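Below is one structure, written out as structure tokens; the observations come after it.
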Amino acid sequence: MNSAARFRDLKEFTDRSIHLFAKNDAFYTLKGKTEYEAVTFSQFGDDLCALANALIDKGFSGRSVAVIGENSYRWVLAYFATVNINATVVPLDKELNKEEILSFVQRSKTSVLFYSPTFEDEAAFVVQNVPDIVTISLGDSKNAGIKFDALLQMGKDIVAQGKDRYSDIEIDDERTCAILFTSGTTGKSKGVMLSHHNLASNATAAAGLIQYAQDDVLLSVLPIHHSYENMCGLFGSICFGAANAFCESIKILPACLALFRPTLMVLVPLYVETFYKRIWEGAKKQGKEKKLKFGIFLGNLLAAVGIDIRDKLLHEVRAFFGGRLKTVICGGAYLNPELVKGFRSLGVMILQGYGITECSPIISANKRNRHKDTSVGWLASCCEVRVDEMGEIQVRGDNVMKGYLDDEGGTAAAFEGEWFKTGDIGHVGKDGFLYVTGRCKNLIVLKNGKNIMPDEIEYLLGKSTLIAEVMVKEAPGDANGSDSLMAIIYPDPEAAGEMDAGALRKAVQDEIDKVNQKLVYYKQIRQFILRDSEFPKTTTRKIMRYKVENRGKVIDV
């Protein structure tokens, strides 16, 4: 990648890579359990041209086109064929129920719906309520208005007849090319309107921060509709001519790791923490904990003098990820620096980044050659950052959204002049690195005046093998507020085993006592509640705090 490259729009972005990396493998799709199908950039270009021409011929230019389904090559084709003909793509979360899908289709005035076969019932429900909508199945479906294969063949015939209208199409880089509905950790989802200019400028800036290699294989496991996976995974691999391997479900992740043997992954902190826990739990169960610790010690010692043999010393652990993983790009929530250090000891570099959907989404990221464990990295070249008197991070620049769909009041409230208010608290250090310390809306203010970010405490509690999930909030108080904290905990079912209720409460209390010893008095947990089910979460595995209630027996510590 030439860091000086600039993209005016997403058609220019895809055209460049298709031409420059024509012979490279662009996408890998799992076939069965032990085989995969490869698509080159040249084939991607031909298929994209064909599908785009078919959509133009059907009169879909300028329309809103929704896409829902698992991470797949056809999803990618639908996305770029839509935006590259001056239409607007509406990527939908595959975790949505049918009523939510219908709501987003109606709010975005969608007239075309691409869907995978697993969403047959949801598509039928949409058609019942929006009779004029055109449905296109991304796979085998008897009820689709149009079959994907037939549409693609139609486009190929158009090109073969010399009637190609796509290749010379002019893109309006300021029009809304994507509407992304936020996952809503704090309430109703908003429709974020992004232009070609927003996304193209962010792709350029992100490429300048995170340099992939042409021989990288990126395993796409996070939902591709989400702006984070979309930019760092899909856009990133295309930009550098790397291969993007699709993992359609977390259930088949082990098989995908073994088959594709990725060198790069885009993850959220929960996955990073879960992987790290499993590695150490596995070593302990197999009686290899001491061996692993020694391998890490020796590997770090040799790496310090320029000799890196961790692939050999830690081959059993590294096989967990397929044996070749070198880099993890991580964002979306707080990541404890201990995990960054821990993975580095295993021969995997974690590059923390920071962004928000309204900023396309990348605001900053660590570089391979200049990074800090406690920071979310360097500012992207497409934007500026300032911190207001309350510590809130604000952003302005080419990557900042056009506004919220049909919500002038919400759009106005999100800005202070030209500056978008992220809702995150942090600062820019003298070293030029950006540091994020918490969410404004997560901030706990006790009536004794103490301000507390719960992330640190939640991480410490979450290190316990007995605690699967945890949320820290203010304990019940009086009319003036609370002066202490409580934890709502979902115990790990496997770790809890056959414990009765009393034994489980005592075991959890012991874990809380251990953590309290490491905290100043006002950060200590004074009460806790045990849940019998997981917390409600967004697609990117963030707890929806506003949906969590104090249900259960309150236990004093």
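The values are calculated or read from the model by the stated rules, or taken from the named source; none is laboratory data. Just so we're clear, the structure is a prediction, and the values are computed from it rather than from any experiment. Cβ coordinates were reconstructed from backbone atoms using ideal geometry, including for glycine residues, and neighbour counts include every protein chain displayed.
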Of all residues in region 95-115 being surrounded by fewer than 22 Cβ atoms within 10 Å (Cβ to Cβ) and more than 25 Å from G403 (Cβ to Cβ), the one that is nearest to the chain's Cα centre (by Cα): E95
Total residues in region 225-246, condition assigned to a helix (DSSP H, G or I), over 18 Å from A178 (Cα atoms) and touching a Gly at 6+ places or on another chain (Cβ under 9 Å): 0
Looking only at region 381-413, and only at residues there that are surrounded by fewer than 20 Cβ atoms within 10 Å (Cβ to Cβ) and among the aliphatic types (A, V, I, L, M), the one that is nearest to T176 (Cα to Cα): A412
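Can you pull out the residues in region 47-68 that are more than 24 Å from G162 (Cβ to Cβ) and buried (at least 24 other Cβ atoms within 10 Å of the Cβ)?
Of everything in region 47-68, those that are more than 24 Å from G162 (Cβ to Cβ) and buried (at least 24 other Cβ atoms within 10 Å of the Cβ) turn out to be V65, A66, V67, I68.
Kindly indicate which of R551, R545 is on the phi < 0 side of the Ramachandran plot and surrounded by 11 or more Cβ atoms within 10 Å (Cβ to Cβ).
Working: R551 fails: surrounded by 11 or more Cβ atoms within 10 Å (Cβ to Cβ).
Answer to the selection: R545.
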Complete set of residues in region 466-498 that are under 18 Å from N516 (Cβ atoms), modelled with pLDDT of 90 or more and either assigned by TED's automatic domain parsing to the domain that holds A333 or part of a loop (DSSP other than H, G, I, E, B) (or both): L466, A475, S484
Count - residues of region 15-31 that are under 14 Å from A243 (Cα atoms) and either polar (S, T, N, Q) or modelled with pLDDT under 95 (or both): 4
Any hit, region 99-113, residues being assigned to a loop (DSSP other than H, G, I, E, B), without any contact (Cβ under 8 Å) to a residue 24 or more places away in the chain and out of contact with any Lys or Arg (no Cβ under 8 Å at 6 or more places or on another chain): no
The listed residue being under 25 Å from M544 (Cβ atoms) and touching a Leu at 6+ places or on another chain (Cβ under 9 Å), out of L405, L466, L461, L443: L466
Region 476-496, residues that are of a type in the set (A, V, I, L, M, F, W, C) and buried (at least 19 other Cβ atoms within 10 Å of the Cβ): L485, M486, A487, I488, I489
Within region 32-45, considering residues that are surrounded by fewer than 16 Cβ atoms within 10 Å (Cβ to Cβ) and outside any strand (DSSP E or B), the one modelled with the lowest pLDDT: K33
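Regarding D431, is this residue in a loop (DSSP other than H, G, I, E, B), modelled with pLDDT of 95 or more and charged (D, E, K, R)? Step through it out loud before you land on a result.
Values: in a loop (DSSP other than H, G, I, E, B): yes; modelled with pLDDT of 95 or more: no; charged (D, E, K, R): yes.
When the stated conditions are applied, D431 does not pass them.
Kindly indicate which of L339, L379 is touching a residue at least 60 places away in the same chain (Cβ under 8 Å) and among the aliphatic types (A, V, I, L, M).
Details: L379 fails: touching a residue at least 60 places away in the same chain (Cβ under 8 Å).
It is L339.
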Residue match in region 313-331 (condition: without any contact (Cβ under 8 Å) to a residue 24 or more places away in the chain, assigned to a helix (DSSP H, G or I) and buried (at least 20 other Cβ atoms within 10 Å of the Cβ)): yes
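With in contact with a Gly (Cβ under 8 Å, 6 or more places away or on another chain), closer than 23 Å to P269 by Cβ and of a type in the set (S, T, Y) as the only criterion, which of Y546, Y459, Y490 stands out?
Y546
Considering only region 52-66, state which residues are assigned to a helix (DSSP H, G or I) and closer than 17 Å to V90 by Cα. Outline the logic, then answer.
Taking region 52-66 first, the residues assigned to a helix (DSSP H, G or I) are 52-57.
Scanning region 52-66 gives A52, L55.
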Residue in region 362-380 that is out of contact with any Cys (no Cβ under 6 Å at 6 or more places or on another chain), of a type in the set (G, A, S) and surrounded by fewer than 21 Cβ atoms within 10 Å (Cβ to Cβ) present: no
Residue within region 255-263 that is surrounded by fewer than 16 Cβ atoms within 10 Å (Cβ to Cβ) and closer than 27 Å to Y36 by Cα present: yes
